[in-house]
Amino acid sequence: MSSARGTAESMGRRAATALERLRAERPLVHHITNLVVMNDTANVTLLLGASPVMAHAAEEVEEMVSLAGALVLNPGTLERAWIEVMLRAGRRARERSIPVVLDPVGAGATTFRTETNRMLLERVRPTIVRGNAGEIGALCGAGGAVRGVDSVGDLPDAVAAARGAARAWAAVVAITGRSDQVSDGTRSYAVDNGHAWLTTLTGTGCMATTAIAAFAAVEPDGMIAALAGLAAFGLAAERAAGRCSGPGSFKVALFDELHGLTPEILAAGARIRGPL
Amino acid sequence: MSSARGTAESMGRRAATALERLRAERPLVHHITNLVVMNDTANVTLLLGASPVMAHAAEEVEEMVSLAGALVLNPGTLERAWIEVMLRAGRRARERSIPVVLDPVGAGATTFRTETNRMLLERVRPTIVRGNAGEIGALCGAGGAVRGVDSVGDLPDAVAAARGAARAWAAVVAITGRSDQVSDGTRSYAVDNGHAWLTTLTGTGCMATTAIAAFAAVEPDGMIAALAGLAAFGLAAERAAGRCSGPGSFKVALFDELHGLTPEILAAGARIRGPL
Amino acid sequence: MSSARGTAESMGRRAATALERLRAERPLVHHITNLVVMNDTANVTLLLGASPVMAHAAEEVEEMVSLAGALVLNPGTLERAWIEVMLRAGRRARERSIPVVLDPVGAGATTFRTETNRMLLERVRPTIVRGNAGEIGALCGAGGAVRGVDSVGDLPDAVAAARGAARAWAAVVAITGRSDQVSDGTRSYAVDNGHAWLTTLTGTGCMATTAIAAFAAVEPDGMIAALAGLAAFGLAAERAAGRCSGPGSFKVALFDELHGLTPEILAAGARIRGPL
């Protein structure tokens, strides 16, 4: 993966161009994901302009992922049978140079989750990994704590943690939180889009992962895809926050805004900082 | 199945009468359906006046379907164990003359999906089949293409495809799209209700299938049930489109409108054309 | 479990205090629940101030529940493999004095559901059981009927049924309906909060169970936890009903109101009657 090294401003422009491509090409995004967020992440895929498919049968995942522009692996409601399926789909995707985005939900909470996510990192070698501070911290040994699927507290140095994890895993790593940190091991950027309402709903981290995957399906540079996905999702959240009266109406407005996002709005509203 | 042969206007009146019966009788609609749409289709069932139950354990599906007014089979997130369960429930339903509505989600996308849906068609012999152009086209050899679970392009002749599939499967077949085609192999009708917002959300095809099944639970003529389900769902979408600002608020309004639909509104708003 | 024996008014105050603690402590609530409501119940958990985790892998449920403040067992879309998992998690929870809340979805509808729920009652010995009249009636032999997952009609004497079931199961038992009955076998209370819109949406019973579990994670007295959960959920529904135009907008408003609930609002609005 060749990493972009542009200014923050140029990264915003490239994010906007990627959104244009996403809406024109409507790539298929194959999800093997958790039972809690399947509906929401399918919708986020559609709202951004891509086409979602959720498929986890051993008999079809290799065929399905071969048709896709990107693969999401999200073991948030893991059971044993799904691990083998994730491995198969992930390996086929890598063989075909289809980007794989891993969301290590709840890594650090139980031994089973930590070990399964470590195994997926090693054996699939995902293109992009997005998690909260606790999850990424637990997986790369940078500290951080997880309770259930929520991060507890911040990492002492999220920029360094993202950079270290990216090097260890040869992946673009995004640590999302109040500010999102993205690194490919060499260059690092931050995305300051987003809103506190996102923490009041379940699955918003998973939705951010899906947004990244949708962009990765049209944008070969994983760094751009990650920045674009996080900026687009966070910007839609900011715009939604202005017209809601609680988490329920926020989610409705978030879906409206994701659909209404244009390359122009994204170029103007993306708040990317860096290189750090 | 005796096919209705009335004018489009009389079909609209019969749809309205079926809605009246649906709201009075509150039949149970048993779903064996995909993980993405379970919540939405349960809600659509309730909003139309019926009572949903989602059950897929081998130990109970035959007992459960025996209590139901209709059965939905929707293999949208198929795994092997569910196929046997769908067969069992489907056969029991047919033995008891309980209508079975098949939604062949993603047929044409992978060999596994195409073959499983063909097998369900042969061994269950569903009363009604609803799919998009790509799915029905793939299953009956009329052309059409599927990417993931979305149809790509239109069939060269959807009326002929629906008629041919209906004859081949001895079922009422509905091909939904900009205009919906419904045929029982002898007579064919079109339903022009609906709205483009429906394409911006996941699971709206599955919801249409559920609407058909809810009507089939009270209306023995499968043609009327299919027309009523599609007209009711599409009309609610039209009414919702007038008061939304994106897919999020459209879905909220769609649920409000499905609940608010009366036989009078349906009789006045159903846009059924035919016999073709 | 020591049962509260206060006046209805003092129970309202204790409910408000429990909400204060819930929002401060943000306990983890582990759900092993059905596929239809996972997203909604995760959101209800968050909206009330707790932290949800959905986990059902045999490899991790005992470790996960050990980290939790409460466990929800909801076999609403049961399959065989999940039963053993519910037993394991339930037993570990009881060993650690972590409250277990059982929602016997659809008990009475099929033999499999009735027997599985009886077995969970016997072998887990849940702290609190919440069901509709049909479900509790079927399990404790007090009459009542279930069609699918919905109760048909009322129990001849819901207060007596709740009391009898509570004694038989050594649990706090809540029978929800137009008015909710809660008993620990000695003292009984009613909660009159709630709104008819709740019956137009799927999973609102499951959401009420989750609300009870969230309170049980911070409130050791199961009677207070049940009353607080039902009053809080029902009060949010009443407030939401004032600003909606159907079930879709009601659900949005319900989520807003659950998040906006304060101890003061709950203290003023809880409509608890008793001891009966």
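Every number here is computed from the coordinates shown, using simple stated rules; none is lab data. Values in this document were obtained by computation on a predicted structure and should not be read as measured data. Note: ideal-geometry Cβ built from the backbone for every residue, glycine included; neighbour counts use all protein chains shown.
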Considering only the label points, 7 Å along Cα→Cβ from Cα, what distances in nm to one decimal separate residue B:123 from the same position in each other copy, shortest first?
-> 3.0, 3.0
Any idea what the residue B:25 label distances to the other copies are, label 7 Å down the Cα→Cβ vector, nm, shortest first?
-> 5.1, 5.1
Run the quick spin-label model on residue B:118 and residue C:145: label points 7 Å from Cα toward the beta carbon, then report their separation in nm to one decimal.
-> 4.5
Footprinting proxy, B:207, B:119: sorted fewest to most Cβ within 10 Å, the residues are B:119, B:207
Want the number for residue A:243 to residue A:192: 0.36 nm per residue separation, take away the alpha-carbon distance, what's left?
-> 16.4 nm
Tell me, what is the percent relative contact order of the range C:172-231, built from C-alpha pairs under 8 Å that lie six or more residues apart?
-> 31
Loop-resident sites, the range A:4-41, for trypsin sites (Lys or Arg not before Pro), counting at most 15 other Cβ within 10 Å (DSSP) | A:5
For peptide C:110-120, how many partner chain Cβ atoms fall within 10 Å of a residue's Cβ, on average?
-> 3
HN-Hα J in Hz across the range A:213-225 - Karplus 6.51, -1.76, 1.60, θ = phi - 60°, x for Gly and Pro | 5, 4, 5, 5, 5, 10, 10, x, 7, x, 5, 4, 4
Rounded to whole Å and ordered largest first, report the semi-axes of the equivalent ellipsoid of the range C:59-201 derived from its Cα gyration tensor (root of 5λ).
-> 25, 17, 14
One finds, for residue C:63 and residue B:276 with R0 = 60 angstrom and r their Cβ-Cβ distance, a FRET efficiency to the nearest 0.05 of 0.45
Here the equivalent ellipsoid of the range B:60-135, derived from its Cα gyration tensor, has semi-axes (largest first, whole Å) of 21, 13, 9
7 Å along Cα→Cβ, label-point gaps from residue C:111 to other copies, nm, shortest first | 4.0, 4.0
FRET efficiency, 1/(1 + (r/R0)^6) with R0 56 Å, evaluated for residue C:96 and residue B:264 via beta carbons = 0.45
Sites residue B:10 and residue C:81, calculated FRET efficiency, Cβ-Cβ separation with R0 51 Å, nearest 0.05 = 0.50
Along the dipole axis of chain A (charges at Cβ: +1 for Lys and Arg, -1 for Asp and Glu; origin at the Cα centre), the most positive-end residue among A:144, A:74, A:7 is A:7
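Evaluate peptide C:29-42: per residue, the Cβ atoms of other protein chains within 10 Å of its Cβ; return the mean as an integer.
Average per residue, whole number: 5.
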Under the helix-only model (-39500 (n - 2.57) for each DSSP H run of 4 or more, divided by the residues of the protein assembly as shown), the mean residue ellipticity at 222 nm, to 500 deg cm²/dmol, is -16000 deg cm²/dmol
Considering chain B as a Gaussian network with a 10 Å cut-off on Cα pairs, which listed residue, B:16, B:55, B:213, attains the greatest mean-square fluctuation?
-> B:55
Globularity index of the protein assembly as shown, i.e. its alpha-carbon radius of gyration over 2.2 N^0.38 Å | 0.91
Over the range B:8-273, what is the relative contact order in whole percent, taking alpha-carbon pairs under 8 Å and six or more residues apart?
-> 21
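As an exercise, find the ratio Rg/Rh for the range A:139-276 from alpha-carbon atoms, using the Kirkwood inverse-distance average for Rh.
Expressed as Rg/Rh, it is 0.96.
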How large, in Å, is the range C:106-154 by the Kirkwood hydrodynamic radius built from its alpha-carbon pairs?
-> 10.6
Of all DSSP beta bridges in the range B:8-273, antiparallel share, percent nearest 5 | 40
Assertion target for B:61, B:29, B:159, ordered by fewest C-beta neighbours within 10 angstrom first, is B:159, B:61, B:29
Amide H neighbours of residue A:276 under 5 Å, at least 5 residues apart or on other chains, H built in the peptide plane: list them.
-> A:188, A:189
P(r), alpha carbons of chain A - 10 Å bins starting at zero, rounded % = 8, 34, 40, 18, 1
